[in-house]
Structure formats: C-alpha cells, structure tokens
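The structure appears below as structure tokens.
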Amino acid sequence: MGLSCLTDPEPQLVLDASTAINLNATGCAAAILRALPNDVIVTDVVLEELQEDSQSGRKDGELIAKLAVDGIVQVEKVSDLSQPHFENLVIGHGPDTLDDGEASTLAYAVERGAVPVIDERKARRICSDRFRATKVASTVDLLCHDAVIAAVGSVVLADAVFAALRNARMRVLSQHEEWVVGLIGTERAQLCASLSRRSRMVARQVSETE
C-alpha cells in the first residue's frame, strides 16, 4: 500500500493549475493520468488560466488541451454548477478568498463530490475550514499512487518527480517528503529547493556518509 490518500477509484479528481503544471513538468503526464483509476477533470477556468500564462514560457495550456483532446482529462464548465461556491470563494476578505482557478477547482469538487488536487496551503486550509467533508489530495498523492508506480516504473517515476521538483518547484507535503527523497535519491534531493530545508539537510548528511 502506498502513501497516496487516493484509495477510492470512484470520485473524479479535479486538477488545480499548479497540479497541471507539476504534471506537465514530469514529462510523462499522460502516462501518469492514464494509470489512475479515477476520471480526471480540469475546469474551463483553470484551462483558460493556463493558456493565458505567457510569462512563464511554458506551454501548459497547450499540453492540458492536448490531454483533453486525447480523452485523458475532461474539461468541465464552472457555469454548469448550480451552487454559488465559486462566487463565495472569490469574493470577500483577502485571507479567505482564492484566485479563480483554485476557486473553480474547489467549487466543482464540493458540488460534484469530487477530490480537488491542490498543493497551495491557503486553498487547502480554506477547503478544510469550509468543506470538511471534501478530501483534498496533492500532486504527490497522484505520483505515489500504487497504480502509477506499477504502470510507470520506479526509475521513470524518479526522473519524473525530480523534473517536477526542479522545473515546477512542486510542493511536497511533510508526509510525502521521505518517500520523495527515497525515490529520487539523496544527491538529487539536495538540489530541490521546494523540499523542506530539513529534508535537504538530512539528504546531505546521508549522502556524506555513503
């Protein structure tokens, strides 16, 4: 049994923009998403957000649109939602509001009983505070899913995770750091600024004793 919180194959998984960016950075997003037993969703708001991001120099919008054309992800319209969760998440006091992409991801997940896949602390906190019945997953929950490990293989997956850490500065929750370091190795872990300082220090100490 892996570390992933995604143990139920039934709920849809709704990807936030940062998750989509992380997956694109792995270089094997299609293989990862195909391996998952759950249907994978992005909202039209998230897709538009990715397509409008020209400053990064990445082509995340094009890559996710291609996954949609290939039937690997489904694009759903926020305008089809019947409850005002989206509006309530984008309007209000700053600490209690989200950007449009995060808000659309949470709104869709809450209304449809899906699992939002979000890494940002603020969005995860707001979901925990307001929607306690909604399970939140992270990008690493996708990557450490047993089905993904079996389909992709540990060697390819190690390179994919390292690429996401280096090229997209993928955030790693504390409960996943040991798995990530063990997968990519201590030498590469030291190069990943998005890992916690403690994890990088431990990786360096281990590397020096090997």
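The values are calculated or read from the model by the stated rules, or taken from the named source; none is laboratory data. Only a predicted model underlies this, so the values are computations on that prediction, with no experimental measurement involved. Note that we place each Cβ from the backbone using ideal geometry, even for glycine, and neighbour counts take in every protein chain shown.
Hey, among the residues in the range 88-106 that are within 16 Å of Cys127 (Cβ to Cβ) and over 20 Å from the mean Cα position of the chain (by Cα), which one's surrounded by the fewest Cβ atoms within 10 Å (Cβ to Cβ)?
Per the criteria, the residue is Pro95.
Residues in the range 67-84 that are more than 21 Å from the chain's Cα centre (by Cα) and either in a helix (DSSP H, G or I) or of a type outside the set (Ser, Thr, Tyr) (or both): how many?
Summing the residues that are more than 21 Å from the chain's Cα centre (by Cα) and either in a helix (DSSP H, G or I) or of a type outside the set (Ser, Thr, Tyr) (or both) in the range 67-84 gives 5.
Just name the residue that is farthest from the chain's Cα centre (by Cα) out of those in the range 109-130 that are among the basic types (Lys, Arg) and closer than 15 Å to Ala17 by Cβ.
Among them, the one singled out is Lys122.
Return the residue satisfying two criteria in turn: it lies in the range 131-161 and is assigned to a helix (DSSP H, G or I) and either modelled with pLDDT under 95 or of a type in the set (S, T, N, Q) (or both), and of such residues it is farthest from Leu183 (Cα to Cα).
Among them, the one singled out is Thr139.
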